[in-house]
Amino acid sequence: MRNGGTEKPPGDKLGFGLYYTDHMLIVDYEEGKGWHNPRIEPYHPIELDPAAKVFHYGQTVFEGLKAYRTEDGRVLLFRPQKNFERLNRSCDRLSIPRLDETFLLESLLELIRIERDWVPDAPGTSLYIRPFIIATEPALGLAPSRKYMYMVILSPVGMYYKEGIKPVKIFVEPEYVRAVRGGTGEAKTAGNYAASLKAQEKAEGLGYTQVLWLDGVERRYVEEVGSMNVFFRIGDTVVTPSLNGSVLAGVTRDSVIRLIRHWGIKVEERPLPIDEVLEAARSGTLVEAFGSGTAAVISPIGELNIGGETIAISNNETGELTARLYDTLTGIQFGRLPDPFGWTLEV
Ligand code: COI
């Protein structure tokens, strides 16, 4: 593992989030002064007071997006405005002051222009962008911090899953829940991910890649998978859980829905009982399933464990729509296909 420096790791050894580029972006916030002092500095460890609120009360939010290298050497971002809109919505939920979205985009472009050579070009690789905010005020009283840092770090990455784009096995978690309505489920905040680790470990111990979460009240409705939103193709309709307040509004999720509609395929955003998925699998109408996310892209689901019953989906192979979505989305992101929706932004 390597933190900053000039030596670039080989494209086939990147893994996910193990290497960082030479520079980072930092902006400070202080009550009365607002967000100020934006600067790009060499990548470096930061020093924080042990009483900084982020350590004690988890007041922090983050984002994830990618920069893609095209075959002719250009660098593209994919719908970055959507990430910054969501960052601000997460800030609202965590009582963190918002940042100006034009500033967020422009400062990111400046950072990536400096780190342009770090955008890898090996197949399936990209530069993962991690903007985040932490509460830095050293005070143990439970109240919103009066000081914050906004930072952006960059990491050249390969595939998120060791399976690559092969189907993953998913364990439907019956006991633990990720989020409840009214909680922080739709915010991209560290606590949601910390709360998921126990079940993730359990699923891995049973030989599964990730957990599929059910709703926190009845443990009956599908919500999302560990690091992805989730879609099921049942008969001729694609179904994905609606954004009910505890599901993350994924940028890839939104792009998938728009592509599917554009192709004239029926897509429903609605509450989806896990029993309906099980029933569809038993009756043969569950055609395919996949997850969507920035890190995971489009990930076919080949097997689900629901209450101890194992169901194979698409014979454990990548379904036809899943493959079409993967090819189209990555085709647009890497500039190989036309971009009819105007989703990409050249750096
Ligand atoms: C992303 O897909 O960008 C995420 O933030 C998920 C994270 C667990 C890697």
Practice problem: Could you check ALA199 against (1) surrounded by 20 or more Cβ atoms within 10 Å (Cβ to Cβ); (2) within 13 Å of the ligand (Cβ to nearest atom); (3) of a type in the set (A, V, I, L, M, F, W, C) and say which number it fails? | Solution: (2)
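Against the definition (assigned by TED's automatic domain parsing to the domain that holds VAL247, out of contact with any strand residue (DSSP E or B) (no Cβ under 8 Å at 6 or more places or on another chain) and open to solvent by 20 Å² or more (accessible area, probe 1.4 Å)), how does GLY308 come out, yes or no?
Details: assigned by TED's automatic domain parsing to the domain that holds VAL247: yes; out of contact with any strand residue (DSSP E or B) (no Cβ under 8 Å at 6 or more places or on another chain): yes; open to solvent by 20 Å² or more (accessible area, probe 1.4 Å): yes.
Yes: the conditions hold for GLY308.
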Practice problem: Taking the residues in the range 33-44 that are open to solvent by 70 Å² or more (accessible area, probe 1.4 Å) and in a strand (DSSP E or B) as candidates, determine which candidate is farthest from the ligand (Cβ to nearest atom). | Solution: ASN37
Quiz prompt | Unique match (being away from the ligand (no atom under 16 Å from the Cβ), touching a strand residue (DSSP E or B) at 6+ places or on another chain (Cβ under 6 Å) and charged (D, E, K, R)) among GLU47, GLU30, GLU63 | solution = GLU30
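Condition first: under 21 Å from the mean Cα position of the chain (by Cα) and of a type in the set (Val, Ile, Thr). Now tell me which residues in the range 239-268 satisfy that. Give the derivation first.
Of the range 239-268, the ones under 21 Å from the mean Cα position of the chain (by Cα) are 239-260.
Those that are under 21 Å from the mean Cα position of the chain (by Cα) and of a type in the set (Val, Ile, Thr): VAL239, THR240, VAL247, VAL251, THR252, VAL256, ILE257, ILE260.
For every residue, the table says whether it meets (1) surrounded by 14 or more Cβ atoms within 10 Å (Cβ to Cβ); (2) touching a residue at least 60 places away in the same chain (Cβ under 8 Å); (3) out of contact with any Gly (no Cβ under 9 Å at 6 or more places or on another chain); (4) charged (D, E, K, R).
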position: GLY291; (1), (2), (3), (4): yes, yes, no, no
position: PRO300; (1), (2), (3), (4): yes, yes, no, no
position: GLU303; (1), (2), (3), (4): yes, yes, yes, yes
position: SER314; (1), (2), (3), (4): yes, yes, no, no
position: ILE332; (1), (2), (3), (4): yes, yes, yes, no
position: GLY335; (1), (2), (3), (4): yes, yes, yes, no
position: PRO340; (1), (2), (3), (4): no, yes, yes, no
position: THR344; (1), (2), (3), (4): yes, yes, no, no
position: VAL347; (1), (2), (3), (4): yes, yes, yes, no
Practice problem: Considering only the range 205-289, give the strands (runs of 3 or more DSSP E) lying wholly within it that have at least 2 residues that are of a type in the set (D, E, K, R) and surrounded by fewer than 17 Cβ atoms within 10 Å (Cβ to Cβ). | Solution: 266-269
Quiz item: Pairs, please: C-beta under 9 Å, at least 6 apart or cross-chain, first residue among the charged types (D, E, K, R) and in the range 51-70, second within 13 Å of the ligand (Cβ to nearest atom) and part of a loop (DSSP other than H, G, I, E, B)?
Solution: GLU63/LYS188; GLU63/THR294; LYS66/THR294; LYS66/ALA295
Exercise. Out of the residues in the range 273-317 that are under 21 Å from the mean Cα position of the chain (by Cα) and β-branched (Val, Ile, Thr), state the one that is farthest from the ligand (Cβ to nearest atom).
Key: ILE301
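How many residues, within the range 179-204, are part of a helix (DSSP H, G or I) and over 15 Å from the mean Cα position of the chain (by Cα)? Lay out the reasoning, then the answer.
Filtering the range 179-204 down to residues part of a helix (DSSP H, G or I) leaves 190-194, 197-204.
Now drop any that are not over 15 Å from the mean Cα position of the chain (by Cα), which leaves 197-204.
Residues flagged as part of a helix (DSSP H, G or I) and over 15 Å from the mean Cα position of the chain (by Cα) within the range 179-204 amount to 8.
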Quiz prompt | Matching option when the condition is at pLDDT below 95, open to solvent by 60 Å² or more (accessible area, probe 1.4 Å) and within 14 Å of the ligand (Cβ to nearest atom), among GLU175, GLU186 | solution = GLU186
Quiz item: If you take the residues in the range 15-27 that are open to solvent by 40 Å² or more (accessible area, probe 1.4 Å) and over 12 Å from HIS44 (Cβ atoms), which one is nearest to the ligand (Cβ to nearest atom)?
Solution: PHE16
Practice problem: Scan GLU31, GLU47 and give me the residue that is over 18 Å from LEU99 (Cβ atoms), in the same structural domain as PRO144 (by TED's automatic domain parsing), modelled with pLDDT of 95 or more and of a type in the set (Asp, Glu). | Solution: GLU47
Practice problem: Any chance you could count how many residues in the range 253-272 are in contact with a Lys or Arg (Cβ under 9 Å, 6 or more places away or on another chain) and within 16 Å of the ligand (Cβ to nearest atom)? | Solution: 2
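The values are calculated or read from the model by the stated rules, or taken from the named source; none is laboratory data. This one's a predicted model, so the numbers in the text were calculated from it and none came from an experiment. Counting neighbours? That spans all protein chains shown, and the Cβs are built from the backbone with ideal geometry, glycine included. The area values use the complete protein model at the heavy-atom level, side chains included, leaving out ligands, DNA and RNA. Shrake-Rupley method; radii C 1.70, N 1.55, O 1.52, S 1.80 Å.
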